[in-house]
Amino acid sequence: MTNRSILAASGRTSSGRTASGRPASGRNVELIVFAVLVAGLTVAPLMVYPILLMKVLCFALFACAFNLLIGYGGLLSFGHAMFFGFAAYVSGYTIKAWGFPTELGILAGAAVAAVLGLVAGSIAIRRQGIYFAMVTLALAQMVFFFCLQAPFTGGEDGIQAIPRRPIFGVIDISRDIVLFYVVLAIFAAGFLIIWRTIHSPFGQVLKAIRENEARAISLGYAVDRFKLMAFVLSATLSGLAGATKAVVFQLASLTDVTWQMSGEVVLMTLVGGMGTVFGPIVGAAVIVVMQNTFTGFGEWVLVAQGCIFVLTVLLFRRGIVGEIVALAQRRRGEEDAAPPPVAEPADKQPPSDRGGVRASAAAGPSEASAPVSS
Amino acid sequence: MKKILLGGLAAAALCVGSPAPASAQFSDGVIKIGVLNDQSGTYADLSGQGSVWAARKAIEDFCKAQKCFEKIEVVFGDHQNKADIGAGVARRWYDVEQVDVIVDTPTSSVALAVSQITREKNKVFLNSGAGASELTGTACSPNFIHWTYDTWALANGTGSAIVKTGGKTWYFLTADYAFGHALERDTAAVVEKMGGKVLGKVRHPFPAQDFSSFLLQAQASKAQVIGLANAGADTINSIKQASEFGIVQGGQRLAGLLVFINDIHAIGLKTAQGLTFIEAWYWDTSDDNRAFAKEFAAANKGNRPSMVQAGVYSAITHYLKAVHALGSDADGVKVVEKMKETPTDDKLFGKGTIRADGRKIHDLMLVEVKKPEESKGPWDYHKIIATIPAAEAFRPLADGGCPLVK
Amino acid sequence: MFELLGVPPQALMGQLLLGLINGAFYALLSLGLAVIFGLMNVINFTHGAQYMMGAFVAWMLLQYAGIPYWGALVLAPIIVGATGIVIERLLISRLYHLDHLYGLLLTFGLALIIEGLFRQQYGSSGLPYTNPIPGGQNLGFMFLPWYRGWVVAFSLAVCLVTWFTIERTKLGAYLRAATERPELVQAFGVNVPRMITLTYGVGVGLAALAGVLAAPIYTVNPTMGSNLIIVVFAVVVIGGMGSIAGSIVTGFGLGVVEGLTKVFWPEASATVIFVIMAIVLMVRPQGLFGTPR
């Protein structure tokens, strides 16, 4: 079995059978897993440090939002930190300087991220593949510049000492444990929005675009509008994650707007499994916990992250969750005696024409699954 | 409760023969010192593992002299110069790992964040590495002491000393972020107060690689002094490139507003010669200092300690004294109050005091980098050209706007 | 005296020249990237780290073997290029059949590893490297250090030689053919995989060469590459990905544009290239010199 067909299988796992082939059972399984996950998380603070858990949850939401774009829309954004980081500033500023209640501050962050997403998205979706990645990177660098310069962000000191005001005036979040449940609720809400989107007709169209854009166009879908909507939704939820993080750490800083942060979210999603529902959560948990364990050894964190990147790309491109799902499916596949999908011979050498770039612009791990579905 | 008792037993077991005060009450039987700094980035050489070593050394020396009756541990962490990471480590240390005091912490943004958390958790934060003078100004805290230097002191010391020696007209090369702006603002104020004149400034992006364009603008201004209101790699590159473009040979003078001995080591004397800046501590000024530096070098790849690392040693020595006097490390505010009441005295920084706003007061030195032929070898870099007495070195108590000062 | 927006023309001349010098680095680095992308379709995120390695190898040669700058100028690119060949054979070659986003992710990971290892070994406050040609010449409008003059002349020469080799020689023709139709070229008896490997080695060597040139000007620092790589990416995108001539011209051109920004709005000089990149991608997505395909 060549790598190519492994990849094809991965595409199938992530998008094909589970979601559309056996919609009802797949969805139910996902919901059950999610319920177990949330139930586990409710008791987790008894054993694990709540701040660490909250950090994981914020990044998990961020990665899930990012995954919506790459895993289901096939768009690799290399500038998602702009939504995450900028929303953190907005919520921090509105809460600290304007005295917004916490919940309103978080919503303000998400709302501004949505507007930013609309602007950035309408520019970026006109390009594909690497060019899409580059446009988002350029825009993110401009947002970074703005954050460095604008007086309200406090430059590299960031916005410090963001107060934790009671949510709705009654829930006292100054205690970490209480705040944890609030963050868990935000995460669950964000996750369910993404999950619902993936399984909605909208999500199906999105997948169709990823698999074969030309075909989606010929079927009469306003492809750009779908992409833009996905982009805005992803930006909004990234903003929600960033705004929540600002409340948790009582701090909004430049770190969250740098291009390295954009790279980190790609890593989380890649490690967990692009285009899988739970992959980004697992990826975020792995990376955050790893960073946490390695504090005190800054350069080794870098080396370890690099190694994870390399190993994931070379050995298990489906990511942790993707591999597990694939394993389960292979077992089931053996029962069904279904032959593995044969991928079309693809450009063995680097494709020379821009058409090659375009085809692969449909990016993501499932680029090769196009032939399977057609 | 049980834990405390056990801890107490352990502590008692440790100090055979030393009379432990009956009241001794340590939060968990252990004094735990967290060295939080940059272990891998720009400031790793001037703080990093060297500060951890200095902290351990301070404990060793203290326990030799005083007989410690409790267990003292050192942990360290890397904040990567990012406020959120630093804040995360600080919180975890206080919440989970029972750290009682955090020391060092260069990078102003991280220091501000850690100071706020320390206050919230009522622990102690002794900063040696960061510059921001807000830490003892508007952002001051009863749980905080600023040990070694601050931006106001650097700006004031460099600015006034250079104007006095004839550098009347200035041009600033400023890193375009809050820290750079603060350095530039404070220095410009001093220069103008002393009768000098600021001819102009250029703000460069942070971080930058190439300074030639900015240096050319500074050269064109014909100012006598070019003030480098930046830090770390930016300062190193500006000095290097200034030498390349013959700025100093052209008769202009460079004034580093935040330079450490490690920077001089990285640049080399040939390029750095003639640079003037402020040091709070220099290894080659007394026998005690030289002995400390020798031991430090043996443990740290031959490097000599920076003023930040020496400050960590001094701060911990004083902290341990206060905790011993109190017999408790439980209440951060009380420990800091005790530290402020007691005059400081250690082998590296000598005698000094701590003000109500948390500012540690001592003499500062204005140094000039030696010419290669004047230097006797590696790390013999500074010529001390003036001493700024403690009373004048730091911002007057009333000017900081610290709410603790009534 | 006549002034342009408050800047005397002589000062402006000086700034233009400085811009050109900085452009030389952009051109050399983006040339390497363009060679690798144009002929292999790999977005080499490791390029910045390899530039850094070039500077470090030059420093090590001087420190441990006593080999001076001029020796390092030849040796460092060969050594770093050789490591590039190993990386290509062992890792990158496994990804050719995949989307090039995987190549980008792999090389991004490699860049993290290399930078981390160098930081671990050498710290990050930087190491000194002595200027091999000190002194300079006063041109009237500015003082031109000899070394900077050498950098601009030498990189221009390297760029032209590379361009000529790829666009005008038989070897270049093979290379380009191998990109267009690998099976066909292979059928003619040319060892295509080996050619690709060597191409990567050469591209990496160019990055290392830029690193050696940078060592005497900037401090030799493990982070020197990661700050630059993003800018160089922008240069390549603006020039047209894979266009050799485009990357050279844009490299020098953007150096000048950035130089001018440093005079009129210094704070924005780090961002101006990204603004240009966004505009170019909107108006002419194939880049200024790329051909729409």
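The values are calculated or read from the model by the stated rules, or taken from the named source; none is laboratory data. Because the structure is a prediction, the values reported are computed rather than measured. Because the Cβ atoms are built from the backbone with ideal geometry, glycine has one as well, and the counts that use them run over all protein chains shown.
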Helices (runs of 4 or more DSSP H) (entirely within region A:236-333) containing at least 3 residues that are away from every other protein chain (no Cβ under 12 Å) and under 29 Å from B:Asn81 (Cβ atoms): A:259-272, A:279-293
Qualifying residue in region C:239-252 (condition: under 15 Å from the mean Cα position of the chain (by Cα), modelled with pLDDT of 90 or more and polar (S, T, N, Q)): yes
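Does region C:7-20 contain at least one residue that is in contact with a Cys (Cβ under 7 Å, 6 or more places away or on another chain) and either buried (at least 18 other Cβ atoms within 10 Å of the Cβ) or not in a helix (DSSP H, G or I) (or both)?
Step one: list which residues in region C:7-20 are in contact with a Cys (Cβ under 7 Å, 6 or more places away or on another chain), which gives none.
No: region C:7-20 contains no residue that is in contact with a Cys (Cβ under 7 Å, 6 or more places away or on another chain) and either buried (at least 18 other Cβ atoms within 10 Å of the Cβ) or not in a helix (DSSP H, G or I) (or both).
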Residue in region C:244-263 that is out of contact with any strand residue (DSSP E or B) (no Cβ under 6 Å at 6 or more places or on another chain) and not in a helix (DSSP H, G or I) present: no
Identity of the residue in region A:32-48, touching a residue at least 12 places away in the same chain (Cβ under 8 Å) and closer than 18 Å to A:Val325 by Cα, that ends up surrounded by the most Cβ atoms within 10 Å (Cβ to Cβ): A:Phe34
Unmet requirement for C:Asn41, which otherwise passes all of (1) surrounded by fewer than 20 Cβ atoms within 10 Å (Cβ to Cβ); (2) within 12 Å of chain A (Cβ to nearest Cβ); (3) at positive phi: (1)
Matching residues, region B:83-122, being in contact with a Gly (Cβ under 9 Å, 6 or more places away or on another chain) and within 7 Å of chain A (Cβ to nearest Cβ): B:Ala83, B:Asp84, B:Val89, B:Arg92, B:Ser108, B:Ser109, B:Leu112, B:Ala113
Residues (buried (at least 24 other Cβ atoms within 10 Å of the Cβ) and β-branched (Val, Ile, Thr)) located in region A:258-281: A:Val265, A:Val266, A:Thr269, A:Val271, A:Thr276, A:Val277, A:Ile281
Residue, surrounded by the fewest Cβ atoms within 10 Å (Cβ to Cβ), within region A:105-133, restricted to residues that are aliphatic (A, V, I, L, M) and under 19 Å from A:Arg210 (Cβ atoms): A:Ile125
Matching residues, region A:81-99, being among the hydroxyl-bearing types (Ser, Thr, Tyr) and either crowded, with 24+ Cβ neighbours inside 10 Å or not in a helix (DSSP H, G or I) (or both): A:Tyr89, A:Ser91
Cβ-Cβ under 7 Å pairs, at least 6 apart or on other chains, region A:211-235 side within 15 Å of A:Ile198 (Cα to Cα) and of a type in the set (Val, Ile, Thr), far side at pLDDT 90 or above and crowded, with 18+ Cβ neighbours inside 10 Å: A:Val232/A:Ala114; A:Val232/A:Gly117; A:Val232/A:Gly121
Members of region C:177-225 that are touching a residue at least 40 places away in the same chain (Cβ under 8 Å), more than 10 Å from chain A (Cβ to nearest Cβ) and of a type in the set (Val, Ile, Thr): C:Thr197, C:Thr199, C:Val202, C:Val204, C:Val212, C:Ile217, C:Thr219, C:Val220, C:Thr223
Pairs, first among the aromatic types (Phe, Trp, Tyr) in region A:298-320, second in a loop (DSSP other than H, G, I, E, B), C-beta under 6 Å, six or more apart: A:Trp300/A:Phe294
Among the residues listed as A:Ile159, A:Ile123, the single one being farther than 13 Å from A:Val257 by Cα, within 11 Å of chain B (Cβ to nearest Cβ) and not acidic (Asp, Glu): A:Ile159
Breaking point among (1) in contact with a helix residue (DSSP H, G or I) (Cβ under 7 Å, 6 or more places away or on another chain); (2) at pLDDT 90 or above, for C:Trp150: (1)
Residue match in region B:324-339 (condition: farther than 30 Å from B:Asp95 by Cα and in contact with a Gly (Cβ under 9 Å, 6 or more places away or on another chain)): no
Residue match in region A:90-108 (condition: modelled with pLDDT under 95, in contact with a helix residue (DSSP H, G or I) (Cβ under 9 Å, 6 or more places away or on another chain) and at positive phi): no
Test: residue in region B:342-364 that is within 21 Å of B:Ile236 (Cα to Cα) and in contact with a strand residue (DSSP E or B) (Cβ under 6 Å, 6 or more places away or on another chain): no
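Before we move on, is A:Leu76 buried (at least 21 other Cβ atoms within 10 Å of the Cβ) and among the hydrophobic types (A, V, I, L, M, F, W, C)? Before you say what the answer is, go through the steps one by one.
Values: buried (at least 21 other Cβ atoms within 10 Å of the Cβ): yes; among the hydrophobic types (A, V, I, L, M, F, W, C): yes.
Answer is yes for this residue.
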Members of region A:204-230 found to be of a type in the set (A, V, I, L, M, F, W, C) and part of a helix (DSSP H, G or I), listed by number: A:Val205, A:Leu206, A:Ala208, A:Ile209, A:Ala214, A:Ala216, A:Ile217, A:Val223, A:Phe226, A:Leu228, A:Met229, A:Ala230
Matching residues in region A:157-193 - criterion: being buried (at least 20 other Cβ atoms within 10 Å of the Cβ) and under 16 Å from A:Val56 (Cα atoms): A:Leu179, A:Phe180, A:Val182, A:Val183, A:Ile186, A:Phe187, A:Gly190, A:Phe191
Every residue from region B:218-246 that is free of Cβ contacts under 8 Å to residues at least 24 places away in the same chain and closer than 14 Å to C:Val263 by Cβ: B:Ala220
Residue tally, condition within 13 Å of chain B (Cβ to nearest Cβ) and either in a loop (DSSP other than H, G, I, E, B) or closer than 30 Å to A:Thr276 by Cβ (or both), over region A:162-197: 7
Residue count, region B:202-225 (criterion: away from chain C (no Cβ under 11 Å), buried (at least 24 other Cβ atoms within 10 Å of the Cβ) and not in a helix (DSSP H, G or I)): 1
Of all residues in region C:126-145 being part of a loop (DSSP other than H, G, I, E, B) and within 23 Å of the chain's Cα centre (by Cα), the one that is farthest from the other protein chains (Cβ to nearest Cβ): C:Pro132
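Looking at this structure, is C:Gly251 crowded, with 24+ Cβ neighbours inside 10 Å, more than 17 Å from C:Asn41 (Cα to Cα) and within 13 Å of chain B (Cβ to nearest Cβ)? Reasoning before the result, please.
Working: crowded, with 24+ Cβ neighbours inside 10 Å: yes; more than 17 Å from C:Asn41 (Cα to Cα): yes; within 13 Å of chain B (Cβ to nearest Cβ): no.
When the stated conditions are applied, C:Gly251 does not pass them.
Report yes if some residue within region C:88-108 is over 30 Å from A:Gly273 (Cβ atoms), of a type outside the set (Asp, Glu), surrounded by fewer than 21 Cβ atoms within 10 Å (Cβ to Cβ) and free of Cβ contacts under 8 Å to residues at least 60 places away in the same chain; otherwise report no. Please lay out each step first, then the result.
As a first pass, look at region C:88-108 and keep what is over 30 Å from A:Gly273 (Cβ atoms): none.
No: zero hits.
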Hey, A:Leu233 surrounded by fewer than 24 Cβ atoms within 10 Å (Cβ to Cβ), modelled with pLDDT of 90 or more, assigned to a helix (DSSP H, G or I) and within 16 Å of the chain's Cα centre (by Cα) or not: yes
